[in-house]
Amino acid sequence: MGKTKGSFTDLLRLPPGPVDLAAIATDGTPGFDGDKDDGNDALADLAEPLSDLQERLFAERTTGSTRRVLLVLQGMDTAGKGGVIRSAVALVDPQGVRITSFKAPTEEELAHDFLWRIAKAVPEPGYLGVFDRSHYEDVLIGRVRELADADEIERRYGAINDFEADLVADGVLVIKCMLHISAEEQKERLLARLDDEEKHWKFNPGDIDERELWPAYQEAYRIAVERTNTDHAPWYVVPSDRKWYRNMAIAHLLLEAFESMDLGWPKADFDVAGQRARLVEEDPIP
């Protein structure tokens, strides 16, 4: 049975300063010394404590608290954003989860600032929100494909930092995860989709077009995470060549985030003993 070693929050958190993504292994397993089966078992073991804490957060919204959690998932095509949602996020009660998948912006969205549609999707108090892609698309594909001029891209880094600072001030705990995969692993995953007719629906010829720009995207990611790796909303770089590790690691990040919130159960705002007596001694149903 594999064992966890240390805090995933500490191990995966990107340190401040210059970033060298090439120096971070995409197939590593920081904090875990087991294999795939051990990792899957470890993931399953997280279900009960995660579910308990998420329910406490969901219950807390009834007290007027503004606290919530936002999990931001960013990564190259095939990095596994959907896999994280199906495996790690699925460990908690879906009624307390809000998932937003950001596609190419609509005409209405393009008529507003790039953060307009993002702000609309921020989870309400008590919820775990998940962004499948996010506002970072606007400094990633926006930069690589030159969808905005250089001055606008530059402005967006600061706008993102200000936006996330406002979220944190309003009670949002932000967990930003870069799903870090290698070009070789992406190729294998794309081939797997082409070689299995049941996965053809997942394949988009445009994925190969984007793959041709791999170096440019890696540079865009480097700049984005370096410029937006703040104390209030730090980045976590999650090695993602091993799907099982990726899922387990992000589940641990979620658990540690919930634990840091010191969540309790809301206190009753009524006379518990009196209401119990009414039910036991004065049951209105004969």
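Which residues does the label zone of ASN161 cover in region 1-44, counting backbone N under 20 Å from a point 7 Å along Cα→Cβ? Answer for this model: 13-21. Would you mind checking the tilt of helix 47-60 against the longest principal axis of the Cα atoms of the chain, expressed as 0 to 90 degrees and rounded to 10? So the inclination is approximately 70 degrees. Among residues other than ASP196 with Cβ under 14 Å from its Cβ, the summed charge is 0 (Lys and Arg +1, Asp and Glu -1). Need one word for region 190-270: rounded, prolate or oblate. Basis is the Cα gyration tensor (sqrt eigenvalues a ≥ b ≥ c); a/c below 1.5 gives rounded, then a/b vs b/c decides. In terms of gyration-tensor shape, oblate.
Could you tell me which of rounded, prolate or oblate describes region 83-235, using a ≥ b ≥ c as the square roots of the eigenvalues of the alpha-carbon gyration tensor, with rounded for a/c under 1.5 and, failing that, prolate when a/b is larger than b/c and oblate otherwise? Oblate, since a/c reaches 1.5 and b/c is not below a/b.
For ALA192 and ALA90, calculate 0.36 nm times their separation in residues minus their Cα-Cα distance, and state this gained length in nm to one decimal. Before the final figure, lay out the partial values.
Numbers: separation 102, 0.36 × 102 = 36.72 nm, distance 2.42 nm.
Difference between extended and current length: 34.3 nm.
Rounded to the nearest 500, the 222 nm mean residue ellipticity of the chain from helices alone is -14000 deg cm²/dmol, with -39,500 (n - 2.57) taken per DSSP H run of at least 4 residues.
With a sphere of radius 11 Å drawn around the Cβ of GLU152, what net charge do the other residues whose Cβ falls strictly inside it have (Lys, Arg +1; Asp, Glu -1)?
In short, -3.
Between the helical axis of 150-169 and the longest alpha-carbon principal axis of the chain there is an angle of about 20 degrees. Taken along the Cα-to-beta-carbon direction at a fixed 7 Å, the label points for LEU147 and ALA44 span 4.1 nm.
Only sites in a loop by DSSP and with at most 11 other Cβ atoms within 10 Å count here; which GluC sites (Glu not before Pro) in region 69-165 make the cut? Present the calculation step by step, with values, prior to reporting the outcome.
Values: sites: GLU107, GLU108, GLU109, GLU137, GLU146, GLU152, GLU154, GLU164; in loops: GLU146.
The qualifying sites are GLU146.
For the chain, the share of DSSP beta bridges that are antiparallel, to the nearest 5, is 10%. Could you tell me which of rounded, prolate or oblate describes region 1-123, using a ≥ b ≥ c as the square roots of the eigenvalues of the alpha-carbon gyration tensor, with rounded for a/c under 1.5 and, failing that, prolate when a/b is larger than b/c and oblate otherwise? Oblate shape, in that a/c is at least 1.5 and b/c is the bigger or equal ratio. The angle separating the long axis of helix 272-281 from the principal Cα axis of greatest extent in the chain is about 60 degrees. Between LEU21 and HIS232, the contour length at 0.36 nm per residue exceeds the alpha carbon distance by 73.8 nm. Within the straight-line cut-off of under 18 Å between alpha carbons, the aspartates and glutamates reachable from LYS202 are ASP77, ASP132, GLU185, GLU188, GLU210, sequence neighbours fewer than 8 places apart in one chain being disregarded.
Return the subset of LYS36/LYS176; LYS103/LYS199; LYS3/LYS103; LYS120/LYS187; LYS3/LYS81; LYS3/LYS120 for which the Cα-Cα distance in this structure is over 30 Å, preserving the input order.
LYS3/LYS103; LYS120/LYS187; LYS3/LYS120
Each Lys or Arg adds one and each Asp or Glu subtracts one; over the other residues with Cβ under 15 Å from the Cβ of THR230, this totals -1. What the chain shows is 52 Å² of accessible area per residue, with the surface traced by a 1.4 Å probe over protein heavy atoms.
The values are calculated or read from the model by the stated rules, or taken from the named source; none is laboratory data. Everything numeric in this text was worked out from a predicted model, so none of it was measured. Cβ coordinates were reconstructed from backbone atoms using ideal geometry, including for glycine residues, and neighbour counts include every protein chain displayed. The protein model used for the area step is the full one, side chains on, heavy atoms only, and it has no ligands, DNA or RNA in it. Shrake-Rupley method; radii C 1.70, N 1.55, O 1.52, S 1.80 Å.
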